Amino acid sequence: MTKLYFHPVNDQWYSHFERTVKTPLDLSAAEGLPTTLNHLDEARVWGTTYETKKDRYHEDIESGDIVLFSQEGKFFAAGRIQHAFRSREFGEWAWNNADSELVYTLTDFEEISIPTNAITDLLGYSGGFRVQGFMRPTKQRLQKLRSEFSSINKAFKTLKEKYSQTSVDGGQETLVGEYETETATETNPDIKTKNILEDDSVTDTAPYYWVNQSHEELEAGYLQAPRTSFPNYDLQKLEIDDIVFNYVDGEIVGYSKVTQSAYLVADEDEEKRRVDIDVHLFDTPLQFVDVFPYLWREDVRLEKYYPINRAGVNQQYLFNLSKKAGDYLLEKGNEAESLSHPDHPLITHIQNTHPSVYKVTSPPDYWLTAYEHAAVGLEDGDQHHWSDIEAGDVLIFHSRESPSRSELADQESCILGAGIVRAKTTKPEDEAWWHDEHKTGTDGKRHSNLITFERLYLTGNFDAIDHTQPLTAKAPTTIDNDLEALTANALSFKKADSICNQAAGSGFPRHRAIEPLGAVDDHAKALALADALADHLEEVPPVALHKSFTGDIDNSTLKGLYFPNNHGESILAQIEGALRSGKHIIFTGPPGTGKTEIARRVAEYLAEQYPYLYTGSQLTTATSDWSTFDTVGGYMPTEDDTDSGNNLEFTPGLVLNRFKSRRTNTQKNDSLVIDELNRADIDKAFGQLFTVLSGQSVQLPYTKDGEEIDLAPANGNALSDPHEYRIPESWTLFATLNTYDKTSLYEMSYAFMRRFAFIRVPEPDLVDLDDNDLQSLLEAYTDAWSIHTTDFDAAHSTPLLDVGHVWQAANGAIDDRAIGPAVVKDIIAYLTETTALEWEQRLTQAVISYILPQLEGVPKRKQVVTELAAVDRIDKQLLDTAARDMLQVSVTQSDG
């Protein structure tokens with residue numbers, strides 16, 4: 001059911017709103033955009049910062065939900081949410097604010113003008129209620145609105161008419177408004193019917209058509225438009241039996257068949273063309289947000305007179321549709337009428353995304369290994385299919401009768417599962433997973449090309465199979481038992497073949513290892529099979545819970561970072577060793593050495609290269625306010641009781657959310673990167689997680705559905721109930737620690753520290769470098785950063801050496817304080833952008849902006865400032881003034 005969200009926009013952010021919401025944002029160079037949205041060239045985009053409650057609301061967003069934007073006591077804009085995702089990188093790119101990480105895209109955007117209390121009063125909020133922060137009214141409050149107006153759409157239509165809409169996207173109401181026209185009916189004496197028209201058509205005909213229609217027209221059973229040469233009023237081209245899809249208020253409500261060619265009707269002011277239609281309404285209207293991705297595909301859309309644009313629906317009347325688009329809408333509209341399980345996640349995914357669907361055929365023991373590693377492996381001969389497969393595509397799993405090993409018992413040929421593709425990768429060359437990879441010579445095969453899954457399903461008894469041991473370590477009798485559990489409740493091949501014949505007129509493809517299940521864009525077979533499997537399909541973990549990390553980290557992970565004397569490769573070797581030994585990792589070292597960047601890149605690399613182990617990563621920064629409520633979770637008011645607070649439910653925190661999707665309950669394995677870990681009170685923030693980090697299970701003092709929350713390593717059952725959280729064997733917590741930061745820090749106990757591998761990321765040793773060596777070192781850094789020193793525009797020949805002298809002074813003044821190359825990179829970037837200033841002023845100002853803040857709270861900061869002031873090309877007076885203001889020290893006055 002459609003949900004309603006409120007989102008206030010303050011004056012400071014209104015210019016951003018105009019740039020990214022009122023005007024669709026160009027996404028061609030977007031950073032941090034999920035791969036599933038790469039098809040969008042532009043979109044209306046908005047976001048909000050992370051808070052526990054906001055994160056919960058954002059997690060629950062579904063396509064088609066409505067959001068109202070408020071400012072100064074009124075709702076001034078509205079739209080339907082199309083996609084929701086989380087990305088700090090995108091927030092930084094779009095709004096220069098990485099904290100705006102909870103992002104959503106909009107369609108059907110329109111400007112409105114409705115007092116906030118006109119809606120909040122209807123929802124039952126007390127007088128004087130103000131919209132504060134991204135929020136969502138409860139179900140009970142929305143029910144009050146529906147009970148009075150029957151629907152949210154009708155409520156808004158009534159309110160917009162009452163308060164008069166100011167402007168609309170493209171000139172036509174798109175969210176809940178109706179295209180108001182004077183209807184021509186038999187009871188209207190001012191309209192007279194004329195003869196069949198012989199006007200010439202002004203646009204090309206098409207296989208199907210689309211009309212943006214009003215309810216009145218739809219109920220009366222006609223199409224009508226002014227008799228002009230405007231292309232989108234060209235009803236004259238419609239012929240008897242043509243099919244027109246009816247779009248009303250964000251939904252394709254059905255299709256109509258033309259029953260009468262265009263004829264003329266007229267009132268006192270205007271002649272109009274009319275076409276009579278026979279309307280067929282879908283049992284369940286198609287939401288535009290669901291069909292948009294397919295309709296906007298390049299191979300589906302038309303170049304001219306097409307109803308869809310990058311940002312949503314075009315606002316004229318009649319449009320052309322391609323055959324692919326029309327066939328797709330007919331198929332989707334009629335699917336829900338014939339399926340027994342229309343709400344199963346696999347079925348809704350196929351219906352909503354229209355993916356490519358493949359079948360994979362292999363021996364039954366192959367599938368044991370596939371589910372053990374949460375991946376399907378293809379041979380090189382099938383690489384063309386592997387290359388074509390994309391995220392979101394669907395694989396149907398067919399098991400042959402005979403295993404690949406002769407000593408194993410035959411099983412019935414069957415369809416035993418399916419998966420929604422998440423990513424592709426290649427298997428480490430030195431690892432053999434499948435039975436035939438252990439063979440030599442011509443009998444040996446390599447299943448190197450891997451396909452991994454966003455969601456994975458099995459008809460069999462997953463927890464009856466021992467996934468902790470590879471097949472090579474199991475006795476044949478054990479494998480036979482596992483095969484029986486694997487194929488339990490499967491759909492027999494004979495039945496599957498019959499279902500395919502009934503649905504599409506051809507059987508289940510059986511011979512090749514992998515091939516499309518049916519014709520391109522024909523999902524009749526896939527939907528029929530998924531419907532037949534649905535009663536027994538159980539969702540299983542899409543990652544290999546019981547597998548440890550055994551791979552490598554490529555040196556390219558550090559591209560753009562420079563470490564003298566190949567120390568970068570040494571750091572990666574230490575990381576690999578820690579991961580392989582099952583340790584969590586803390587990076588230590590002074591500020592600016594690249595600790596956070598290394599942790600972030602490694603976490604992202606693991607998710608990209610080893611998607612059968614890792615599902616993603618999350619970066620956050622620790623604070624002194626953290627408690628177990630933030631990391632583990634705690635009780636919060638339920639979705640239906642956010643006001644009184646009397647009804648509470650457990651809401652998982654930052655760490656638990658790495659193991660399970662709150663929306664789908666699907667197992668996850670997101671690495672967690674905590675920056676500046678020692679700013680948190682470790683005991684207060686991590687509590688029960690001490691036990692978990694040591695590899696033991698723990699029951700939390702909270703309940704869900706009457707059961708205590710259980711947090712445990714995945715060394716037993718892999719499937720989990722809603723109150724259970726399984727920690728994958730490969731899960732990793734990365735953290736950073738500024739070893740020179742002595743203020744506002746908490747000490748870490750040995751009990752906590754021994755659960756981590758400590759990897760130092762040091763600053764370069766500058767003490768004994770002469771000018772030639774210092775110049776060479778700085779040039780090596782700027783080359784890695786792709787910064788050209790010619791951009792300095794300095795009046796003398798050694799500006800880079802001046803920066804090196806500053807760095808030497810900052811790091812050589814005292815023993816317990818240094819800065820890393822990231823601070824120097826900021827200084828150099830500043831110098832290249834301030835060429836209008838004199839060199840001495842620029843260099844000194846760079847020191848003030850980027851080095852002095854690092855000295856706050858340092859007892860010997862005066863000694864460091866004194867050394868900086870002695871550097872040639874530094875304006876000593878300017879530096880002294882800043883040091884007295886910022887650090888309360890002076891290099892020109894004595895301490896007395």
Inset, instruction - Report the FRET efficiency, 1/(1 + (r/R0)^6), for Asp463 and Glu707, where r is their Cβ-Cβ distance and R0 is 22 Å, rounded to 0.05. - result: 0.80
Legend entry - Lysine pairs with alpha-carbon atoms under 17 Å apart, region 62-167, spacing 8 or more or separate chains: 6
Inset, instruction - Taking 7 Å along the Cα-to-C-beta vector as the label spot, tell me the Thr691-Asp204 distance in nanometres, rounded to one decimal. - result: 6.9 nm
Inset, instruction - Assign one of three labels to the chain, namely rounded, prolate or oblate, based on the Cα gyration tensor with a ≥ b ≥ c the square roots of its eigenvalues; rounded applies when a/c is under 1.5, prolate when it is not and a/b is larger than b/c, and oblate otherwise. - result: oblate
Legend entry - Angle in degrees between helix 567-580 and the longest Cα principal axis of the chain, rounded to the nearest 10: 60 degrees
Legend entry - Full-stretch length increase - Glu840, Glu576 - with 0.36 nm per residue and alpha-carbon distance subtracted: 90.6 nm
Inset, instruction - Using label points projected 7 Å from each Cα along Cα→Cβ, tell me how many nm separate Asp535 and Lys144, to one decimal. - result: 4.5 nm
Legend entry - Rounded to 10°, Cα long-axis angle of helix 493-504 versus longest principal axis of the chain: 60 degrees
Legend entry - For the chain: relative contact order, % (alpha-carbon pairs under 8 angstrom, 6 or more apart): 7 percent
Legend entry - Within the chain: Cβ-based charge dipole about Cα centre, in debye rounded to nearest 20 (Lys, Arg +1; Asp, Glu -1): 1440 debye
Legend entry - Carbon and sulfur %, accessible surface of the chain computed with the full protein complex present, 1.4 Å: 43 percent
Legend entry - Whole-Hz couplings from phi, Karplus 6.51/-1.76/1.60, listed for region 75-83; x for Gly and Pro: 8, 10, 7, 8, x, 9, 6, 9, 9
Inset, instruction - Starting from the Cα-Cα distance between Asp430 and Tyr163, subtract it from 0.36 nm times their residue separation and give me the gain in nm to one decimal. - result: 89.2 nm
Inset, instruction - Apply the Karplus parameterisation 6.51 cos²θ - 1.76 cosθ + 1.60, with θ equal to phi minus 60°, to every residue of region 760-776 and state each ³J(HN,Hα) to the nearest whole Hz, in sequence, with x for glycine and proline. - result: 7, 10, x, 7, x, 7, 9, 4, 9, 7, 7, 4, 5, 5, 5, 4, 4
Legend entry - Relative contact order for region 440-492, counting Cα pairs under 8 Å that sit 6 or more residues apart, in percent: 46 percent
Inset, instruction - Taking H placed 1.01 Å from N in the peptide plane, check which residues at least 5 places from Lys439 or on another chain put their amide H under 5 Å from its amide H. - result: Lys445
Inset, instruction - Report, in degrees rounded to the nearest 10, the 0 to 90 angle that the Cα long axis of helix 139-149 makes with the longest principal axis of the chain. - result: 30 degrees
Legend entry - FRET efficiency, Asp380 to Asp765 (Cβ-Cβ, R0 60 Å, nearest 0.05): 0.80
Inset, instruction - Decide, for region 433-518, between rounded, prolate and oblate: order the square roots of the alpha carbon gyration tensor eigenvalues as a ≥ b ≥ c, take rounded if a/c falls under 1.5, and otherwise choose prolate if a/b is larger than b/c, else oblate. - result: oblate
Inset, instruction - Could you pull out every one of the lysines with an alpha carbon less than 25 Å from that of Lys332, ignoring same-chain neighbours closer than 8 positions? - result: Lys3, Lys257, Lys304, Lys323, Lys324, Lys359, Lys495, Lys525
Inset, instruction - With r as the distance between the Cβ atoms of Thr623 and Lys876 and R0 = 45 Å, compute the FRET efficiency 1/(1 + (r/R0)^6) and round to 0.05. - result: 0.75
Inset, instruction - With a/c under 1.5 counting as rounded, go ahead and sort region 769-896 into rounded, prolate or oblate using the C-alpha gyration tensor (a ≥ b ≥ c being the square roots of the eigenvalues; past the cut-off, prolate if a/b is larger than b/c, else oblate). - result: prolate
Inset, instruction - With a cut-off of at most 15 other beta carbons within 10 Å, and DSSP calling the residue loop, which trypsin sites (Lys or Arg not before Pro) in region 790-870 qualify? Please list them. - result: Lys860
Inset, instruction - With 20 Å as the limit, write out which pairs from Lys559/Lys825; Lys427/Lys474; Lys54/Lys684 have Cα-Cα distances beyond it, or answer none. - result: Lys427/Lys474; Lys54/Lys684
Inset, instruction - Could you grab the relative contact order for region 750-896? Cα pairs under 8 Å, six or more apart, rounded to a whole percent. - result: 21 percent
Inset, instruction - Could I have the simple spin-label model distance between Asn38 and Glu51, label points 7 Å from Cα toward Cβ, reported in nm to one decimal? - result: 3.6 nm
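The values are calculated or read from the model by the stated rules, or taken from the named source; none is laboratory data. This is a predicted model, so every value here is computed, not measured. Every residue, glycine among them, receives a Cβ derived from its backbone with ideal geometry; neighbour counts consider all protein chains shown. Remember, those area values only see protein heavy atoms, side chains included, never the ligands or the DNA or RNA. Shrake-Rupley method; radii C 1.70, N 1.55, O 1.52, S 1.80 Å.
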